[in-house]
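Worksheet: one structure, shown below.
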Amino acid sequence: MVKKTQWLFLVMIFTMGMLLAACGGSDEGAETGADEGTEPDTEETDGEDVEDIDDENGDSAATGEPVEGGEIIVGSDAEPNGLTPATVSDTASRDAHDLVHAALYRQTVEGFDVEPDVAVDLPEVSEDGLEQVIELRDDVFFSDGEQLTADDVVFTVGIYLMEDYAGTSTTLFERVENVEATDEYEVTFTMSEPDAALTASLEQAPIVPEHILGDLETYAEIEEHEASTTDAVIGAGPYVMTDWTVGQYINYEARDDYHNEGPYIQNITWRIGDTDAQLAMLQAGEIDIMNAAPQDVVTVESIDGYNLAEEPQFGYNYIGYNQRNELFESANVRRALTMAINREAIIDGIMDGHGTVAEFPHSPEGPIYSDEIESIPFDQEGALELLAEEGWEQNDSGQLVNGDGDVFAFSLLTNSEALVRTDWIVAVQQMLGEIGIEVETETMEFGAYLDRINPPNWDFDAIAGAWSLSLDPNMESLFHSRNIESGQNNIAYESEEFDELSTDNRAILDVDERMETLQQAAMQVAEDQVYTFMYYPTEFQAYRDNIQNHSYNSRAGLFRVQEWWIEE
């Protein structure tokens with residue numbers, strides 16, 4: 001029997017939403033999926049009229065010619081966990097990488113595709129797909145004045161191929177048999193098998209300087225080097241990091257020898273603080289940009305001098321169940337847990353309606369999304385029926401127990417910076433409690449959270465997390481069984497059907513055929529209810545209205561910031 005507390009809960013949850021509108025709480029701390037298309041979130045002057053705002057997403061329509069100079073202050077509730085891209089997989093780190101590093105390819109302004117950055121063009125691919133040749137620009141320099149060459153690309157890819165590589169991006173270059181500098185500005189990839197995802201993988205692997213890190217013999221040495229952990233980082237991006245005071249601020253300064261357009265804004269400062277502090281600073285006009293939580297939208301819209309950009313997040317929030325725990329081995333049990341959670345009420349009550357219920361392990365904005373998957377309804381009686389099939393029944397006290405009298409109980413962990421998630425895990429705790437499941441909620445700082453849930457620890461029962469998806473929709477690193485021991489399959493999901501569908505997808509060079517195969521693999525994940533797919537969030541970025549050419553993209557905190565400028 002379900003405890004009849006739903007209406008009381010809904011009243012409480014809507015009240016919570018109203019209260020939170022006044023006190024902040026952005027959905028920070030998304031992880032990044034390596035090759036599957038997935039990444040943690042962080043985020044007074046006269047301005048333009050509404051006519052200068054793009055009708056679709058609130059980005060500013062540029063007026064006049066670009067102007068060099070000025071400074072922006074960005075609110076952020078997270079800071080990088082590492083500055084060598086191969087060593088980390090979170091969005092706060094990626095945001096820093098976007099400023100200080102450059103990659104062979106970068107995301108296009110429109111859509112979810114790649115275009116050349118350091119590369120001259122897309123790769124020349126041999127007929128059999130086993131060789132890909134990339135020509136590099138000859139006008140790209142690192143921030144210390146050294147020229148970027150093919151040797152730097154070879155070194156960067158080589159980090160992921162090191163024997164002691166302990167990062168989570170284990171599948172990015174697993175099909176690379178050899179990478180060689182065949183000329184000063186030419187790199188040749190020899191593949192063990194064709195790889196249709198290579199350019200998307202290279203977009204996720206910004207180039208690091210061989211002349212700084214090349215003498216280091218192990219991955220551990222690279223991970224600990226000052227260029228990976230401090231403002232001594234050297235990169236080929238539009239900005240140089242000049243000062244990083246941990247827990248307080250990070251300063252960046254524009255480079256005058258950057259190889260692409262801009263940078264126009266001279267200085268960027270990240271001010272580190274929780275979302276409540278950021279909102280207060282925005283109201284006081286002390287910061288120029290912040291990512292706003294859904295429940296803060298009304299407050300932000302009332303602040304003079306700022307615009308608000310809106311974008312569907314290219315990702316989703318989820319509850320992941322550690323299948324090393326026998327509680328979660330059965331797909332029926334996982335489905336029942338999803339059925340017992342009123343996801344729509346969470347979206348409406350905590351997020352002020354800014355999101356949609358998720359049923360599928362990819363974004364509706366992506367190329368493999370399908371709405372043909374069966375929706376899982378909120379049905380607590382139905383959940384109890386499924387659980388009964390697995391040997392779980394409510395006792396006289398309303399607790400859910402098995403035949404041995406063991407109570408169905410587990411801990412639900414998330415990172416403390418993700419204030420929206422820290423709210424909804426309490427709602428989940430109450431909802432599951434209504435069917436007799438005991439849930440203990442737990443939060444911790446993001447870096448410690450990542451350390452606890454990833455190899456070799458896997459120290460969790462269930463996690464509330466978020467994936468920010470990469471451009472290629474390959475989900476191998478999240479869900480393939482070979483990535484359980486090392487990689488991002490930290491929930492230990494194992495499916496022969498998924499493995500078979502996904503293993504050879506990168507060898508399929510026909511785009512439509514490959515997308516169809518990946519869609520089938522994703523549908524298998526949804527059918528197995530590997531996660532409780534919670535919702536696809538809508539994201540918001542507030543920015544001062546004198547910032548011109550602003551472009552917002554949920555995959556980047558400051559998307560193409562080098563092409564923005566400040567109106568005088």
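The values are calculated or read from the model by the stated rules, or taken from the named source; none is laboratory data. From a predicted model like this one, the values you see are computed outputs, not experimental measurements. Here Cβ is always computed from backbone atoms with ideal geometry, including for glycine, and neighbour counts include all displayed protein chains. For the accessible areas, the whole protein counts, side chains as well, though only heavy atoms, and no ligand, DNA or RNA atoms are used. Shrake-Rupley method; radii C 1.70, N 1.55, O 1.52, S 1.80 Å.
What the table below lists for this structure:
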quantity: Test: LEU83 is over 20 Å from TYR449 (Cα atoms) and buried (at least 23 other Cβ atoms within 10 Å of the Cβ); calculated: no
quantity: Any hit, region 124-138, residues being within 27 Å of ASN291 (Cβ to Cβ) and of a type in the set (Gly, Ala, Ser); calculated: no
quantity: Every residue from region 112-142 that is within 27 Å of the chain's Cα centre (by Cα) and within 30 Å of ILE272 (Cα to Cα); calculated: PHE112, ASP117, PHE142
quantity: Hits in region 488-504 - residues which are among the acidic types (Asp, Glu) and under 26 Å from PHE460 (Cβ atoms); calculated: GLU494, GLU496, GLU497, ASP499
quantity: Strands (runs of 3 or more DSSP E) completely within region 238-292 that count 1 or more residues being open to solvent by 40 Å² or more (accessible area, probe 1.4 Å) and under 21 Å from ASP77 (Cα atoms); calculated: 239-245, 249-254, 267-272
quantity: Selection count where residues are out of contact with any Pro (no Cβ under 9 Å at 6 or more places or on another chain), under 30 Å from GLY69 (Cα atoms) and open to solvent by less than 40 Å² (accessible area, probe 1.4 Å), scope region 211-232; calculated: 2
quantity: Any hit, region 179-188, residues being open to solvent by less than 30 Å² (accessible area, probe 1.4 Å), on the phi < 0 side of the Ramachandran plot, part of a strand (DSSP E or B) and touching a Phe, Trp or Tyr at 6+ places or on another chain (Cβ under 8 Å); calculated: yes
quantity: Conditions (1) part of a helix (DSSP H, G or I); (2) over 25 Å from the mean Cα position of the chain (by Cα); (3) among the acidic types (Asp, Glu): number failed by ASP423; calculated: (2)
quantity: Single unsatisfied condition, THR156 versus (1) at pLDDT 95 or above; (2) assigned to a loop (DSSP other than H, G, I, E, B); calculated: (2)
quantity: Residue in region 524-535 that is over 30 Å from ASN342 (Cα atoms), open to solvent by less than 10 Å² (accessible area, probe 1.4 Å), among the aliphatic types (A, V, I, L, M) and touching an Asp or Glu at 6+ places or on another chain (Cβ under 9 Å) present; calculated: no
